[in-house]
Structures are given as C-alpha cells and as structure tokens.
Amino acid sequence: MNYLKATTFLIAAALAGTALAAETGGRLDIVVQPEPPGLMLGLVQNGPTQLVAGDIYESLLRYNTDLEPQPSLAKSWTISDDGLVYTFTLQDGVKWHDGTAFSADDVVFSADVFLRETHARLRSSLKYVDSITAPDAQTVVFTLNEPFGPFISIFETGTMPIVPKHIYEGTDYANNPANATPIGTGPFKFSAWEKGSYIHLVKNEDYYLDGLPKLDEVFYRVIPDAAARAVAFETGEVDVLPGGSVENWDVPRLTAMEGVCSTGKGWEFFAPHAWMWLNNREGPTADKRFRQAVMYAMDREFVRDVVWNGFGKVPTGPVSSKTNFYTDDVNIYEHDPAKAKALLDEMGYNGEPVRLLPLPYGETWQRWAEAVRQNLSEVGIKIEIDATDVAGWNEKTAQWDYDMAFTYLYQYGDPALGVSRTYVASNIAKGSPWNNVQGYVNEGLDAKWDAAAVMADPSARADAYVDIQKTIVDDVPVAWLLELEFPTIYRCDVQDLVTTAIGINDGLRDAWLEK
Amino acid sequence: MAALTQVFGRLLKAVLTLLAIAVLNFFLVHAAPGDPAVVLAGEAGAADEQMIAQLRARFGLDQPFHVQLWTYVSNVLTLDLGYSFRQGAPVLDLILDRLPATLLLTLSAFVISLTFGIALGVAASARVGKVSDSILTTFALLFYATPLYWAALMAVLVFSVQLGWLPGFGYETVGADYSGLARVLDILKHLILPAATLGLFFMAVYMRMTRASMLEVSQMDFVRTAKAKGLSGPVIRRRHILRNAILPVVTLAGLQAGQLIGGAVLTETVFAWPGIGRLMFESLAARDYNTILGVFLVSAAMVIFFNILTDVIYRLVDPRIGART
C-alpha cells in the first residue's frame, strides 16, 4: 500500500514537472504542397517555398492579424513626419545559422543589391527608394524619394527576406551552391531535404529571442495526392494541414474529428482575392454592360456556401475587406438574373459563345467553373469551358488568349502593393499572367492610383481609395468572385500556431505543443 | 557467333532508335503550350519583364529553337542529360536520386505479379471448369478491370485508415532514424500496399494468359505422348506444358519490365512514393524540359533494353528460335 502511494506521488510529481516544462520540445509534421522548387527565399517566393523558408529566413518586421507592424529583425523603428525617412534599429546578438554575426550591412546588401536583382514584386516598391544606408552595424535607414504610403508593409519575410551578404556577395546568385543549404537568421535551421518525401528543420539553439523557438524540430511532408493528405492527417501522420492542402469537401469531415481545430486567420496579409479576368479588348466581354451582366448573373453566395463549404466572403470590389483602405460604399452586385438579361438585351448580345478558362488547381476550381457556366447560361450567355493545365493556363492568360479566365491574387495588405497592379494601364504587357491581363484602360483612374500611392496623410489616402473603388466597381474590369479563405487545420494541442497576418509562414517561431 | 552478331546489330539499332526518340521527345515537349520561366515566375505571384527575361536566359530559352535542339542532342550524345534549373541540380542526379525507390517498387510489383500470376494461372488451368477455377478467374477479371487509382485509394482506406495495419503512404517512417534491419523492415512495411496495388493488374493479366496458354498447349500431341509415357500430372504440367505455354507470358513480362521506370506515376502519387514517375509528372506540370526529357530518355532506354533481354530469354526458353534465324 505504501509502495502504491509512493508511486502515485512520484507520478504526480513527474506530471507537475512536465506541466511546467510543457512548452518546450516536440516535433511538428506539416504538409507542404506542392514540393517547393527551392528554399532560397530571396530567389523563389512561391507559397510552398515561403511556408518552409519562412522559418529559416526573416525580415525586419512581422505583422499581426490587424496588419500592424511588429518587431522581427528590427527591434524598433521610426518614420519621419514627411514619410520619407524610415530608420530601423536591429536586434542585438543576431547570428546567421553558420555562426557569422548578422549586421546592418546584410540588410543593405539584401534590399539594395540582391533582391533588386531577383525579386520582381519588391523591385516595384523599391523604385520609391532613394537610398538604403547603414550608419552603424545596428541601424538601417531607408530614404524615399516620395512618401510611398504602404512602405511600412514591405518588410514581410516573403517580400524582403534578409539574405547573408558573406555568402552571396559577388556570386552568381541563382547558381550559388549554398542555395541547397539555406542559411538564414530564423528560428529554425535547415537540416535535410529528402526530395519527394520531406524537408527537415531543426531548432536554432542560438536564436536571439530567449526561450524561442519552443519546438525541437519540424518535418514538412510532401504528399502529392489531396486524398492522401487528408488520410495523413486522419491517421495522425501529420499535425498541420496548411490552408488549401486538402479539397474543400474534406474540410468538414476533418474538422469534426476529436481534438482537431481550424482557423481562417493567418491570411490577412495575403488576402487572396479571386476573380475572372474579362477580356476588355475584344468579344462580348469588351462591352461594359456585358461585364455588369456577368456580375448580376452570378450567384456568388451559392458558390461560397456550396463549392467553398461556407469559407470566404463575397467581395464588393477590387479591394479585399481584409486589406487596408477597403470600403463597401460601392454599387453592390446582387444575384439578379433579370437585371443581367436586361443589360444583355440593351447591348444586343447575339449569343456569341464565350470561352471560359478555369484555374487548374483541383476539383474545387473545376466545380466553380461549372457553377459559373450554369449561372451564365441561365441568362442566355453561351459558355465553352477551355480546359488546360497550369502551364497552359499561364500561357493562355499571359498571351491574352481567353475571354474569361479564373484567377486569384494576393493583396499584400495595401491597395498600392497588391491591387493597383491589376488595373493601371501602365501594367498592360503580354507575357505575364499577373499584371493588367484584362486590358483595362481608364486614364483618369490611373492618375488617381498614382497619387494615392504617395500620399503621406493616411486619411487622404483613404478618401482617394474610396473614390477609386466606386469607379472601378461600376466599370467591372474583372468579375470579382470571392475573398478566399483557406482554413488551417491542426491538432488542438498545437498552440500559438497562427498569430500573424501570414499565419504558419512565420508562425513556428512561437508555436508550442501542449503535452 | 551468329547470336553475338545479332545482339550487336540490335544494340546498334537501339542506339539509333534512342537518338530518334530523344529528338522526337524534344519536339513533343516543346510543342506543349507553356513556358517554364512563366510557370516559375507565376508561382511567385508576380513577374515583370526583367524577371521573365532573366529566367529565360538562364534556361537557355532565349536561344533559337534549332540551337536548343542541337545543344540537347550533343549533350545526349555525350551522356549529359543537362541541368534542371527549376530544381537547381543536374538531371542525372535527380534521376539517380529517385531511381532506388522506383526500382524497389516496380521490381517488387513485377516479382509479385509474375510469381502469383503464373502460379495462379497454372493452378486454375489444372482445375479448369471447377469452382476454384471460376473463383480465380473472376477475381482476375475484377483486378484486371479495376482502375489502379481507385484500388490504391481503397487499399489505403481499408488497410491503413480502418484497420491501421500498414502505413498508407511514404517510403519510410519520417524522422524515426531507423538503421540496419529495423530500417529494412520499416521500408518493407511501407512497400506492401503500393507494390501489391501496382502488381494487381499485371498479376491478373499473367494469370489469364498462363491459364489460357496452358489449356491450349495441354491439347497438343506431345502432351498426350507424355501421358502415354506414364508421367505424372504435375511433371507433365511443369516440364512439358508450362515450358511451352510460358512464351506469351515472357512477351508480356518484357512489356511490363519496360515500364519499370516510368510506369508507376499513379501509384507513386497516391502513396507519396518518392520515385521517378512523380518526378516526371511534376516536371511536366512545371515544364521543366530538361528533367522531362531526361526521364523520357531513361525510360525509353529501359524499354529497348528489356526488349533485347526478352529476345534473349526467348532463346533460352525455346532454343529453336535461335536456330531458325
């Protein structure tokens, strides 16, 4: 009896001990889909790369789910009153994963030399930058030539990953052998990559924030089939399914499992916005009335509820409700087939067939295209679905060989970073599926977009963007479909996984396992 | 001697065929719409002209088409499969990296299907018309008709999700750091479902073929002679019937062997098996030209190699074939 009591006591003591230490240690298995082409975030910025490399590389700032800047490699920062000088003070004691000390020179090299050459999206923001200097090893100063409004939003890891100067300076960046074993400053270090199977990261023991990261190791698992990914989660092989890694109809089944949590947060910065390009140059889609008719003909609520299982939000226009300077003070396109028919009659639409190019990203998108075809045929628009694979889709949209084409783009927190690029005439150029592909030209608006980007006063910017949104919603250059929401599905014992505006892309710094 | 000359002639023809295949592949792959630079840039969600131009220059796509073709062919002639810019590694390394996993899977499936297929075929032919024969042929027909993809998913659902007996996907337990025998057993456990699924179809084919061929041969005169000699049933079946009935099976096995490299795309995808089929499929989606061409070429070489090997085996099984030519 005494013996039993003693063991009980010991067990209790052991449990108490682990409860105190519950926060550190452990392993996390996360699905990454598709397998990233590389992990050097300065060279490749696609989703899977950032998911993994977001633990290895860091930028100066992070953003919370309200898109407010938070310290990362910079511990503090000031912005001059005229909005032209940004001064960052860097963290103390930061080391690269190979042990070399990190300094302001690395930041200057990354932003001014490396990324200027390799990072298309950052390049378009850097044109507002006059100089980047490092007055001392702890300080970086960005001086702008115009008060570019969203400048404080460009210090996110995928937008401005800080890369090691001592490894890349003077080399051929793309072919540097170090790309295979990325060196960053982040909370996790690269350990191994078994191509086709997994990527293994281990805790950075020398991380500059005390007590972080909590996890010992992370495995990013490559599982090519969507059904197999759902099975992997069901059988406990993986702990986290990042947004979009299983088909929508599997989501309710998985989230209903015991001990499984999900969140739609962690996409505020990207704010994926789905629409159909409508070719503004030729065919029926060149007529504004036709494009408005498309908007009225579509039952977007239905698609949200059925095709997307209730995830997402029906957008009012070009700016996502998650993005700064959003307004709903615009014409709202309800599902109104009668109005659509009236508009088609008014323009004299003759039943000319319209080609619809779905996005080849899986079953959900196929069904979405079918739903749109059904809605449009209800008002008398004849649709031919044009099926292709991803590379073919890229080619057709980039070469303007379509009438209507599904797509979705990220907004990066600010209309000047992620919205205007789709609508300004200066961004019409064949060869890229991510610019003004529809060929929308509105010179009056172009001037307004340009002006709004460089207003130092936020309330003046807000007014300008309300004005822009009203006009553009009336013109319907593209048919806005849905503010996408990709729920992250995870076991509830994973804590603090999604705490920032980019979710698990940089969330593992703080994540821990409840034991 | 004549046989050697013949094999040599076959090898020469094989090399020429391979070269023709390489050129044809080059045209085919480039005829597909899409551009690897745009795919790569597109995944970043942003691209400007400078970026696309940089990428195209790196991939060598800014060169005229005939120059690209010539570069490719001369590389192939020096056994250089080129460089995958997407993956940042030589194509040969990528293929060799994936080769063991694929060969393990396809060879296991090959052995499973051949062994069970022939054994069940012989068994069924010995019991022709009986209930056991009907059961075997029915199952063979079922496996023959079942789409591989569906069979694979069902196998995962039953043996992995419901029963929990076998791992549903992957090559080995990730992060377990097994070594020695424990690792071998771990890989074997992961191998069972994909290899069995992949082997099912050909097992059914071999079984039906063996059965039909055995029945046909067993009607022949020499079998009656053997019976008249007083030989026992099993000996007749093994030494007289089977040996004569096996040739069509060898032909088919040669066909299956040709698919050892590229024939497991679906199985590898469903079971997350890190093999060459998936490498090919993913490279195709990304228009990673060099890698696709590399995999195609190696697969073609395998097909040609096994065709020659099949011919050699014909001679061994039936010496008359060599004598006639």
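Residue pairs whose Cβ atoms lie under 8 Å apart, separated by 6 or more positions or on different chains, with the first residue in segment A:367-395 and within 14 Å of another protein chain (Cβ to nearest Cβ) and the second among the basic types (Lys, Arg), are A:386/A:355; A:386/A:396; A:388/A:396; A:391/B:287. Select from segment A:97-107 the residues that are more than 25 Å from the chain's Cα centre (by Cα) and among the aliphatic types (A, V, I, L, M) and write down the one among them that is surrounded by the most Cβ atoms within 10 Å (Cβ to Cβ). Checked segment A:97-107; the qualifying residue surrounded by the most Cβ atoms within 10 Å (Cβ to Cβ) is A:104.
Among the residues of segment B:149-174, those that are at the interface with chain A (Cβ under 8 Å from one of its Cβ atoms), of a type in the set (Gly, Ala, Ser) and either surrounded by 14 or more Cβ atoms within 10 Å (Cβ to Cβ) or in a helix (DSSP H, G or I) (or both) comprise B:160, B:168, B:170. Can you confirm whether residue B:119 is without any contact (Cβ under 8 Å) to a residue 40 or more places away in the chain and away from chain A (no Cβ under 11 Å)? Answer is yes for this residue.
Where helices (runs of 4 or more DSSP H) fall wholly inside segment B:30-108, the ranges with 1 or more residues that are small (Gly, Ala, Ser), within 14 Å of chain A (Cβ to nearest Cβ) and out of contact with any Asp or Glu (no Cβ under 9 Å at 6 or more places or on another chain) are B:36-43, B:49-59. Assessment of segment A:202-215 against the conditions (surrounded by fewer than 18 Cβ atoms within 10 Å (Cβ to Cβ), assigned to a strand (DSSP E or B) and within 12 Å of chain B (Cβ to nearest Cβ)) yields at least one matching residue. Report whether or not residue B:225 is in contact with a Gly (Cβ under 8 Å, 6 or more places away or on another chain), in the same structural domain as residue B:126 (by TED's automatic domain parsing) and assigned to a helix (DSSP H, G or I). In short, no.
Which of the residues that make up segment A:20-63 are more than 13 Å from chain B (Cβ to nearest Cβ) and crowded, with 21+ Cβ neighbours inside 10 Å? Selection gives A:52, A:54, A:55, A:56, A:57, A:58, A:59, A:60, A:61, A:62, A:63. Listed by position, the helices (runs of 4 or more DSSP H) inside segment B:229-325 whose residues that are within 14 Å of chain A (Cβ to nearest Cβ) and among the β-branched types (Val, Ile, Thr) number at least 3 are B:265-270, B:289-317.
Cβ-Cβ contacts under 9 Å between residues 6 or more apart (or on different chains), taken from a first residue in segment A:248-267 that is at positive phi to a second residue that is part of a loop (DSSP other than H, G, I, E, B) and loosely packed, with under 14 Cβ neighbours inside 10 Å, are listed as A:259/A:492. Residues being at pLDDT 85 or above, in the same structural domain as residue B:241 (by TED's automatic domain parsing), of a type in the set (Val, Ile, Thr) and out of contact with any helix residue (DSSP H, G or I) (no Cβ under 8 Å at 6 or more places or on another chain) are entirely absent from segment B:91-109.
Suppose the filter is part of a loop (DSSP other than H, G, I, E, B) and more than 14 Å from every other protein chain (Cβ to nearest Cβ); does residue A:98 pass it? In short, yes. Pick from segment A:169-182 the residues that are surrounded by fewer than 22 Cβ atoms within 10 Å (Cβ to Cβ) and closer than 18 Å to residue A:99 by Cβ: which of them is farthest from the other protein chains (Cβ to nearest Cβ)? Only one residue fits best here, namely A:169.
If the condition is being without any contact (Cβ under 8 Å) to a residue 60 or more places away in the chain, within 14 Å of chain B (Cβ to nearest Cβ) and among the hydrophobic types (A, V, I, L, M, F, W, C), then segment A:101-145 contributes A:120, A:122, A:126. Would you mention how many residues in segment A:469-486 are more than 23 Å from the chain's Cα centre (by Cα) and part of a helix (DSSP H, G or I)? Residues in segment A:469-486 being more than 23 Å from the chain's Cα centre (by Cα) and part of a helix (DSSP H, G or I): 6 in total. As a summary of the residue check, residue A:309 satisfies the conditions (1) touching a residue at least 40 places away in the same chain (Cβ under 8 Å); (2) more than 23 Å from the chain's Cα centre (by Cα) except for the one numbered (2). Of all residue pairs spaced 6 or more apart or on separate chains, those with beta-carbon atoms under 9 Å, a first member in segment B:1-23 that is under 17 Å from residue B:310 (Cα atoms) and aliphatic (A, V, I, L, M) and a second member that is at pLDDT below 80 and not in a helix (DSSP H, G or I) are B:3/B:325.
The values are calculated or read from the model by the stated rules, or taken from the named source; none is laboratory data. Since this is a predicted model, take the numbers as computed values, not measurements. Backbone-built Cβ (ideal geometry, glycine too); neighbour counts: all protein chains shown.
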